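Colleague: One structure, pasted below without further comment.
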Amino acid sequence: MSVFLYIVNNVLSQAVFIIGMVVVVGMIAQKKTWDQILPSAIKTMIGFTMINVGGQTLGGALLPLQQMISKIFNMQSFSADIGAAQAESLADIGTEMALIFAFGFLINLLLARFTRFKYVHLSAHVSFFFAGLIAALLKFGTTLPFTGIVAIGSILLGLYMTFSCAYVAVCIKGVKGGEGFTLAHSSSSGLLVATLLAKAFGNKEHDLEEMEIPKKLNFLREMTIALTIVMTVLFLLISIIASPSWTMENITGGQDVIVFSLLRGVEFGMWITVIITGVRMMLSEIIPAFHGIANKIIPNSKPGLDIPLLFPNYPTSVIVGFLCSLVSGLAGMLILGALNYPVVVFPALIPTFFTGAATAIFGNAHGGRRGAIMGSLANGFILIFGQAFLLPMVGSYAPIMRILSETDYTVYGPILGWFLQLFGGA
């Protein structure tokens, strides 16, 4: 068991290894030679690492905003240290989480092979933390023994991995750059809501990405430039509102807020550039390689990949989605405060950026500017209210959920928690 857990925790939980193995298996199925397989696998793994490290660092760059916004609204500030939160959160459920993750992935593969839902969930970092959510809900919300938690948790995770990819595959039709794969991302429920809202109330003819701007501002259509400017202005504005002296003392380490904001903006733009470069590098290798799996091993299957793959085609939507989700998340926070809700919640900025961007992309693809704004505003409310419902249900897993609780955690988590309270609670 210890060897198996070591492999799960140190190999299978690293999405880069799974991505590399997919390329190797797919190319072997196509009878490629080793001198073709090795460079393709390496380039895919490097591309994925660029996306993953870029996304994590970019998300981490947002965390100082959380402390400043807490100061502005005079709210309790929670730790933004992801490493410490992860260690604290996994202390009581680490073994259950690892086993649910491993067996859940196996169930996903079996469902893809033997049912009509031909989707292989390849975002291991997503399924790993979702396995933790399921483990926490079952451990702290039921009296199930260890084996029961692992068995039921594995089935739930396998179903989630398969069916979230399946309904996103329907929603992704019409999204530029989404051909040949579906998304395996914990914003799937938000993407579904954004798609439905956009189709019902949006107008595809008014594409956010084709919005007319003065010729001299055409440089803003480049994501790197636009995000650098937007994030610089956002950091500077919030620093000033929070008080420059307080920000210098508590956030910047004495650095002038203008310099701090400029550096944060440039850092943000740099990591977006890394992500976009990694996207192009990875897609050029993994999609052709996956054809071997789709043709020989799991017929007609599609890979489920991460959301940043769509960013290059929707630079404006990424920015609008983040800002709209942040605004509605803050509004939801104030509503809960006015209602004296017993759990103090704050918009988790990493999920707000990525799920906000994703929901705006899908909203824009299906309903233009109106769809993008409606979808991402709805996403912000889902994130904040869902987090408020979720946190009391997950025991010691709460610290990581305050930082990484994306849309699916805040939708499916409370639903599962309420179901357990009704039919199998402790």
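The values are calculated or read from the model by the stated rules, or taken from the named source; none is laboratory data. Fair warning: this is a prediction, and the values are worked out from it, not measured in the lab. Every residue, glycine as well, gets a Cβ built from its backbone with ideal geometry; the counts of neighbours run over all protein chains shown. These accessible areas exclude ligands, DNA and RNA; they are computed on the full protein's heavy atoms, side chains included. Shrake-Rupley method; radii C 1.70, N 1.55, O 1.52, S 1.80 Å.
Colleague: May I ask you to evaluate 6.51 cos²θ - 1.76 cosθ + 1.60, the Karplus curve with θ = phi - 60°, for each residue of the range 304-320 and list the ³J(HN,Hα) values in order in whole Hz, giving x for glycine and proline?
Modeller: x, 10, 8, 5, x, 4, 8, 4, x, 8, 9, x, 5, 4, 4, 5, 4
Colleague: Keeping all protein chains in the complex and leaving out DNA, RNA and ligands, what accessible area do you get for Ser396 with a 1.4 Å probe, in Å² to the nearest 10?
Modeller: Spelled out: Ser396, probe radius 1.4 Å, area about 30 Å².
Colleague: Something else: Select from Ile241, Phe128, His185 the residue farthest towards the positive end of the dipole of the chain; place +1 on Cβ of Lys and Arg, -1 on Cβ of Asp and Glu, and compute about the Cα centre.
Modeller: Sorting the options by dipole projection puts first His185.
Colleague: Hey, could you grab the Kirkwood Rh for the range 344-422? Inverse mean 1/r over distinct alpha carbon pairs, Å, one decimal.
Modeller: Details: mean 1/r = 0.0777 Å⁻¹.
Answer for the range 344-422: a Kirkwood hydrodynamic radius of 12.9 Å.
Colleague: Can you tell me the convex hull volume per residue for the range 267-396, based on C-alpha atoms, in Å³ to the nearest whole number?
Modeller: Once divided by residue count, the hull of the range 267-396 is 152 Å³.
Colleague: What lysines could a cross-link reach from Lys173, if we take a straight Cα to Cα line under 22 Å and drop same-chain neighbours fewer than 8 places away?
Modeller: Lys118, Lys199, Lys204, Lys302
Colleague: Starting from the amide H of Lys302, placed 1.01 Å from N in the peptide plane, find each other amide H under 5 Å away whose residue is 5 or more places distant or on another chain.
Modeller: Under 5 Å from the amide H of Lys302: Tyr119, Val120.
Colleague: May I ask for the Kirkwood hydrodynamic radius of the range 279-321, worked out over all distinct Cα pairs and given in angstroms to one decimal?
Modeller: Numbers: mean 1/r = 0.0836 Å⁻¹.
The Cα-based Kirkwood calculation yields 12.0 Å.
Colleague: Now for a different question. Once you treat every alpha carbon in the range 81-201 as an equal point and sum by Debye, what is log10 I(q)/I(0) at q = 0.20 Å⁻¹?
Modeller: Taking Cα atoms of the range 81-201 as identical point scatterers yields -1.06.
Colleague: While we're here: Cα convex hull of the range 173-264: mean projected area in nm², to one decimal? Don't jump to the answer; show the numbers that get you there.
Modeller: Details: hull surface 38.0 nm².
Mean orientational projected area (the range 173-264, Cα hull): 9.5 nm².
Colleague: Quick one: which residues, 5+ away or cross-chain, put their amide H under 5 Å from the amide H of Ala184? H built at 1.01 Å from N.
Modeller: Sorted by chain and number, the residues that satisfy this are Leu305, Asp306.
Colleague: How many percent of Cα pairs in the chain exceed 37 Å? Walk me through the intermediate numbers first.
Modeller: Numbers: 19729 of 90525 pairs.
Above the 37 Å cut-off, the chain has 22 percent of its Cα pairs.
Colleague: Then there is this: Taking only protein heavy atoms into account and a 1.4 Å probe, give the accessible area per residue of the range 301-421 in Å².
Modeller: Working: 3290 Å² over 121 residues.
Accessible area per residue, the range 301-421: 27 Å².
Colleague: Let me ask something else. Viscosity 1.567 mPa s, temperature 4 °C: what is the translational diffusion coefficient of the range 335-380 from Stokes-Einstein with a Kirkwood Rh over Cα pairs, rounded to a whole number of µm²/s?
Modeller: Values: Rh = 11.5 Å.
Estimated diffusion coefficient is 113 µm²/s.
Colleague: To the nearest Å, what is the center-to-center distance of the range 22-74 and the range 140-155, using C-alpha atoms only?
Modeller: 31
Colleague: Taking the Cα-to-Cβ direction at Phe146 and at Val266 and moving 7 Å from each Cα, how far apart do the two end points lie in nm?
Modeller: 5.3
Colleague: Sticking with this one: So what's the back-of-envelope 222 nm ellipticity for the chain, counting only DSSP H runs of four-plus at -39500 (n - 2.57) apiece and dividing by all residues, rounded to 500? Each step should come with its number before you reach the end.
Modeller: Working: 16 runs with 300 residues, N = 426.
-24000 deg cm²/dmol, from helical runs alone.
Colleague: Still on this structure, I have one more. At 1.4 Å probe size, with the rest of the protein present, what percent of the exposed accessible area of the chain is carbon and sulfur atoms? Spell out each step's value before the answer.
Modeller: Working: 11780 of 17690 Å².
Using a 1.4 Å probe with all protein chains present, the chain comes out at 67 percent carbon and sulfur.
Colleague: Given a 1.4 Å probe and the protein chains all in place, what does the accessible area of Leu111 round to, in Å² to the nearest 10?
Modeller: 40
Colleague: In whole Hz, with x marking every Gly and Pro, tabulate ³J(HN,Hα) for the range 282-294 from phi via Karplus 6.51 cos²θ - 1.76 cosθ + 1.60, θ = phi - 60°.
Modeller: Each residue of the range 282-294 in turn: 6, 4, 5, 10, 6, 5, x, 5, 5, 4, x, 5, 5 Hz.
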